[in-house]
Amino acid sequence: MTKVLVVYHSIWGHIERMAQAQAEGVREVPGAVAQVKRVAETMSDEALAAIGAKRDQAAPVARPDELADYDAVIFGTPTRFGNMTGQMRTFLDQTGALWARGALVGKAGSVFTSSGTQHGGQESTILSFHLTLLHHGMVIVGLPYSEARQTGLDEIKGGSPYGASTIAGAKGERFPSEQELAMARYQGRHVATLAGKLAS
């Protein structure tokens with residue numbers, strides 16, 4: 001059995017939906033199981049209410065130490081100024097003990113993201129996220145061009161060889177399109193398939 005954790009941070013629900021699609025893709029691979037969890041929120045209830053955050057997210061909160069229990073981890077974060085959110089950074093900054101004992105070495109790691117605009121830092125967010133995965137010795141898995149949706153010009157959409165992504169709109173009004181969700185499912189399948197090979 002190949003165990004894959006999809007761990008995400010989402011304020012308005014865009015990354016939450018992409019995380020669900022990633023897990024759907026994982027579950028399409030025979031022998032693979034997916035668990036969806038979220039990182040702890042660091043903003044106050046008052047601040048979240050002021051920005052209209054989506055509070056009813058069903059996924060349980062992940063513990064940093066449990067990353068070692070999985071064969072692969074797929075991380076999801078919105079972009080903040082071309083980087084991951086502070087909430088995701090705080091979660092990763094608590095993985096020092098895992099790093100010290102090499103607990104994630106050789107495991108598959110992958111990233112997906114969202115941004116408010118078409119050129120809002122999706123690629124830089126994923127690429128800068130990879131630095132942490134490399135320090136942990138993880139095997140980085142992207143979204144290969146065999147997922148041809150990322151090359152199409154039929155709609156404005158996210159997606160790159162670095163990972164699936166979605167464009168949320170400047171006010172969060174746009175939710176993932178079916179093509180963006182399909183890219184996330186593809187990434188989930190791809191990660192689960194490679195993780196199974198790495199674990200065998």
Expected single match for within 21 Å of L181 (Cβ to Cβ), without any contact (Cβ under 8 Å) to a residue 40 or more places away in the chain and hydrophobic (A, V, I, L, M, F, W, C) among A58, A49, A100 is A58
Filtering the stretch 168-184 down to residues that are surrounded by 22 or more Cβ atoms within 10 Å (Cβ to Cβ) and not in a loop (DSSP other than H, G, I, E, B) yields E180, M183, A184
Going through (1) surrounded by fewer than 14 Cβ atoms within 10 Å (Cβ to Cβ); (2) part of a strand (DSSP E or B) one by one, A47 fails only at (2)
Checking T125, T117, T77, T90 in turn, the sole residue that is part of a strand (DSSP E or B) and farther than 29 Å from S200 by Cβ turns out to be T77
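Considering only residues that are among the small types (G, A, S) and part of a loop (DSSP other than H, G, I, E, B), look in the stretch 128-146 and name the one that is nearest to V191 (Cα to Cα).
Top of the filtered list is G142.
Conditions (1) under 28 Å from E155 (Cβ atoms); (2) surrounded by 18 or more Cβ atoms within 10 Å (Cβ to Cβ), marked per residue:
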| site | (1), (2) |
| --- | --- |
| K54 | yes, no |
| R63 | no, no |
| A72 | no, yes |
| M84 | yes, yes |
| Q87 | no, yes |
| F91 | no, yes |
N83 passes all but one of the listed conditions (1) more than 14 Å from the chain's Cα centre (by Cα); (2) of a type outside the set (S, T, Y); (3) farther than 20 Å from V191 by Cα; the exception is number (1)
- Message: Quick check on K107: is it touching an Asp or Glu at 6+ places or on another chain (Cβ under 8 Å) and at pLDDT below 95?
- Response: no
Q: Would you mind stating whether Q94 is within 13 Å of the chain's Cα centre (by Cα), among the polar types (S, T, N, Q) and modelled with pLDDT of 95 or more?
A: no
With criteria (1) over 15 Å from the mean Cα position of the chain (by Cα); (2) closer than 25 Å to L198 by Cα, S44 comes up short on (2)
Screening T113, T77, T95 for residues that are touching a His at 6+ places or on another chain (Cβ under 9 Å), crowded, with 21+ Cβ neighbours inside 10 Å and of a type in the set (V, I, T) leaves only T77
Checklist entry - Based on what the data block shows, is V61 of a type in the set (A, V, I, L, M) and out of contact with any helix residue (DSSP H, G or I) (no Cβ under 9 Å at 6 or more places or on another chain)? => result yes
Within the stretch 1-44, the residues that are buried (at least 16 other Cβ atoms within 10 Å of the Cβ) and at positive phi are G13
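The values are calculated or read from the model by the stated rules, or taken from the named source; none is laboratory data. The structure displayed is predicted, hence computed values, not measured ones. Because the Cβ atoms are built from the backbone with ideal geometry, glycine has one as well, and the counts that use them run over all protein chains shown.
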